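The values are calculated or read from the model by the stated rules, or taken from the named source; none is laboratory data. Computed from a predicted structure; not experimentally measured. Because the Cβ atoms are built from the backbone with ideal geometry, glycine has one as well, and the counts that use them run over all protein chains shown. Areas reflect the complete protein model, heavy atoms only, side chains present, ligands, DNA and RNA absent. Shrake-Rupley method; radii C 1.70, N 1.55, O 1.52, S 1.80 Å.
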Number of protein chains: 2
Amino acid sequence: MSTPIDTQRMEKIVSLCKRRGFIFQSSEIYGGLNGAWDYGPLGVELKRNLKNYWWRVMVHERDDVVGMDGAILTHPAVLKASGHVEGFSDPMIDCRTCKAHLRADQLVEKKGVKQCPNCGSKDLTEARQFNLMFETHVGAAAEESSVAYLRPETAQSIFVQFKNILEVSRKKLPFGIAQIGKAFRNEINPRNFTFRSREFEQMEVEYFCRPEQGMELLEYWKEERLKFYENIGISRERLNVKTVSDKERAFYSRGTYDIEYDFPFGPQELEGIAYRTAYDLKQHQDASGKSLEYFDDEKKERFIPHVVEPSAGVDRTILALICDAFAEDQAPDDKGKMESRIVLRLHPRIAPIKCAVFPLLKNKERLVAKAKEIVDLLRPHMFVFYDESGAIGRRYRRQDEIGTPFGVTVDFETLGEKDSKARDTVTLRERDSMKQERVGISDLLQLLSMRIA
Amino acid sequence: MSTPIDTQRMEKIVSLCKRRGFIFQSSEIYGGLNGAWDYGPLGVELKRNLKNYWWRVMVHERDDVVGMDGAILTHPAVLKASGHVEGFSDPMIDCRTCKAHLRADQLVEKKGVKQCPNCGSKDLTEARQFNLMFETHVGAAAEESSVAYLRPETAQSIFVQFKNILEVSRKKLPFGIAQIGKAFRNEINPRNFTFRSREFEQMEVEYFCRPEQGMELLEYWKEERLKFYENIGISRERLNVKTVSDKERAFYSRGTYDIEYDFPFGPQELEGIAYRTAYDLKQHQDASGKSLEYFDDEKKERFIPHVVEPSAGVDRTILALICDAFAEDQAPDDKGKMESRIVLRLHPRIAPIKCAVFPLLKNKERLVAKAKEIVDLLRPHMFVFYDESGAIGRRYRRQDEIGTPFGVTVDFETLGEKDSKARDTVTLRERDSMKQERVGISDLLQLLSMRIA
């Protein structure tokens, strides 16, 4: 994890994201809203694939995890009990020269003196605490309206519904509650594209257990989650597991790992796996006066469960997927001349479009009709894209750039005009190797389904 | 649509939703947050199935619609241009006697005099406008922080990204942009369970077209959307299409239909289908100074497209699904004695759990092992649930109540102990008819997949 910061590569990635409709600046035509992003037609598909795969692996394929989906608007009592109202803040420093607001850890140190990273001034204020929660008012009349917060993490929604979910799901320890949803933090300096945003999405499991199981489950989840990133195609060598030191860890945690990805702007956290002990449930039990205990039928014991939390960022993982997949290589154009191409080597499981279907020429009715038949054949099973415009090489290149793993071309051989044995076969092209094979239309669905699963 | 208000039925539904983990009050252990709801383990699955089916039908199966996913935090300029800052308000009246805040249309009229619906007082204030948008502050320092709003509808996210998406998707008119996401309204009186909430989710398409296509497309989308509700299993006779009158319609709309569902608390809107003309794009073009025009290649014409918007409420549709599916009938218990049962007759496509798998007895190792084999067989293809506890009749009843359409029971016949011909067959039970058939395990996946699709 020692790659130097690669600004040029990051610029190319940001440009591709905008140009091809993965990610746009939010409220862009009005100058943008700092720290908020919109996902375009391809971005939303990539995000859906990631979230659906996470849900499949973390909820549907397990007997010991159930899901939930909590509200964003949160009662202040929840966030008082969790410690967020009091302590969810960053130390902020102002530069008296250029008036910038800076997070204390973003200052530049020169010759032992802290300086403003914008203007180099040493004339800085003392650090003061800046609470990162967004506040709003709920209720009909200003004078009596009550404060509510946009949740700063999805985790608290789970803790406060622990008892309800325990009751309805009839689960026994250890078991988990999973959630995917938005959270909001008023970051002092949003930066690194979508990496540090003010609005973001989390995928979390709170995995409840007996106290003596905590440390072992921390290790278990670290391994599970590493496997997850490999299964969505992120290179193992760009992932790093950082053991968070006693000093950096939250005071209630007995162990925390960060799974980091080596972004072009440096290694940064994708997911935290934290053994949070019984802290959160205990806080809510004390503050609400409602029992959040678990009764162990076999041991006839009543206690507050401990919890291990694998908590991943959706937007961060999307960015890691794109960064990891982004490549430039050489490919032949329509005349066989080599040209440089951009290719997103996304895992087929995650790629927005699974297969593109091309008639060789758009003005040949029979080619077009056959291509559309293939679209209809594949569409109930995967997201396919039909494209008839431009030279075939250009169409391949457009799909390479957005990570479509397979392309199917319908040509005159498909129609059996040259050789009746080739009738109803098509060219299947693979994005990374650019290898082409001749495949029967009747085999296509099974072949693609297998490679995409 | 003349069913009287059925309070008792609604109470049963609310109770089921809580008892079985569909919907909980948000922040419940702290007394709840009015107008915000959390979805439990079954609610989240129901919601996922609804949203995924909508996306499949509205985006993936169409060549003329692409998706997006915009931020909730919205630049104030967006909502100034759209008219929300100025005009997105409800007339509010206070009761001077009981201090209630009332929406003007909720007053009760007796002998021609308006009275407070809570206490019957006639001592009411004049109506004043109450803006329904939630406001927050974005930025590092209070003195210069800027206001942002939680979007009151998802539609505006689409309009402000129209140009970007037009460019990246290379679509020609008519085409649509789809989005599913949360929106927020500070309702004066949230009520009718989840129906009128302060935080809710929308599923919308903005379908852009040439001006002369608008009226025809309004009719087209009305029919498409009615089909959708029938395809998720909502009874046609409880749906009503209301033509919104000139007076009730937004001033810029040339035609609007409301699709209403006959809830136990009366007929209420599930979806609005509005022909919004070029109003929104024109407002944003004027306010931002950025061209939001479309260039028609063939006619060599440049103009602002018109738009037809089918806009559905996710939470409202979930509530309609549950209300429509809720039934009480008679079923035999384990001894054949008839008892009353609650059954959710959800369409298999939408049901949270598709199939439950039961070993007849939990203390017979071979039954349990076989049942778990079947779980492993089905799980990659559908959400299945394994249950071994209690009498088989009770286990059926639990699944009936949560709408699981199919149950598979592994018994001694499955093991081939009585009759070797029956080996590897199971009992497949259908929820609504309670009919049981004997099915080979090897046929199970295909049979279920067909009935669920």
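Remarks
- If the condition is being open to solvent by 40 Å² or more (accessible area, probe 1.4 Å) and assigned to a strand (DSSP E or B), then the range A:214-240 contributes only A:240.
- The residue that is surrounded by the most Cβ atoms within 10 Å (Cβ to Cβ), counting only those in the range B:279-297 that are within 11 Å of chain A (Cβ to nearest Cβ) and closer than 14 Å to residue B:79 by Cβ, is B:284.
- Among the residues of the range A:241-268, the one identified as buried (at least 17 other Cβ atoms within 10 Å of the Cβ), among the acidic types (Asp, Glu) and without any contact (Cβ under 8 Å) to a residue 60 or more places away in the chain is A:258.
- For the range B:302-335, filtered to residues that are open to solvent by 70 Å² or more (accessible area, probe 1.4 Å) and outside any loop (DSSP other than H, G, I, E, B), the residue that is nearest to residue B:215 (Cα to Cα) is B:302.
- Across the range B:406-435, the qualifying residues are those that are within 26 Å of residue B:331 (Cβ to Cβ) and free of Cβ contacts under 8 Å to residues at least 12 places away in the same chain, and the one among them that is surrounded by the fewest Cβ atoms within 10 Å (Cβ to Cβ) is B:433.
- Candidate set from the range A:50-62 (those that are open to solvent by 10 Å² or more (accessible area, probe 1.4 Å) and closer than 30 Å to residue A:15 by Cβ); member that is farthest from the other protein chains (Cβ to nearest Cβ): A:53
- Hey, residue B:263 over 19 Å from residue B:202 (Cβ atoms) and among the hydrophobic types (A, V, I, L, M, F, W, C) or not: no
- Breaking point among (1) under 27 Å from residue B:231 (Cβ atoms); (2) touching a residue at least 40 places away in the same chain (Cβ under 8 Å), for residue B:397: (1)
- Residue match in the range A:299-310 (condition: within 12 Å of chain B (Cβ to nearest Cβ), free of Cβ contacts under 8 Å to residues at least 12 places away in the same chain, out of contact with any Pro (no Cβ under 8 Å at 6 or more places or on another chain) and on the phi > 0 side of the Ramachandran plot): no
- Filter pass, residue A:13 being surrounded by fewer than 16 Cβ atoms within 10 Å (Cβ to Cβ), touching a residue at least 60 places away in the same chain (Cβ under 8 Å) and either part of a loop (DSSP other than H, G, I, E, B) or hydrophobic (A, V, I, L, M, F, W, C) (or both): no
- Boolean, residue A:65 is open to solvent by 20 Å² or more (accessible area, probe 1.4 Å) and either of a type in the set (Val, Ile, Thr) or facing chain B (nearest Cβ under 7 Å) (or both): no
- Residue tally, condition assigned to a helix (DSSP H, G or I) and not polar (S, T, N, Q), over the range A:251-284: 5
- Note on the range B:176-212: residues that are under 22 Å from residue B:305 (Cα atoms), among the charged types (D, E, K, R) and open to solvent by 10 Å² or more (accessible area, probe 1.4 Å) amount to 2.
- Restricting A:394, A:341 to those that are more than 21 Å from residue B:55 (Cβ to Cβ) and open to solvent by less than 30 Å² (accessible area, probe 1.4 Å) reduces the list to A:341.
- Residues that are open to solvent by 20 Å² or more (accessible area, probe 1.4 Å) and assigned to a loop (DSSP other than H, G, I, E, B) do occur in the range B:22-33.
- Scanning the range A:350-378 for residues that are open to solvent by 40 Å² or more (accessible area, probe 1.4 Å) and of a type in the set (Gly, Ala, Ser) yields a single hit, A:369.
- Scanning the range A:68-102 for residues being charged (D, E, K, R) and surrounded by 19 or more Cβ atoms within 10 Å (Cβ to Cβ) gives a total of 3.
- Residue B:47 vs. criteria more than 8 Å from chain A (Cβ to nearest Cβ), within 22 Å of residue B:352 (Cβ to Cβ) and either part of a loop (DSSP other than H, G, I, E, B) or at pLDDT 95 or above (or both): no
- Within the range A:104-127, the set of residues being assigned to a strand (DSSP E or B) and crowded, with 17+ Cβ neighbours inside 10 Å comprises A:115, A:124.
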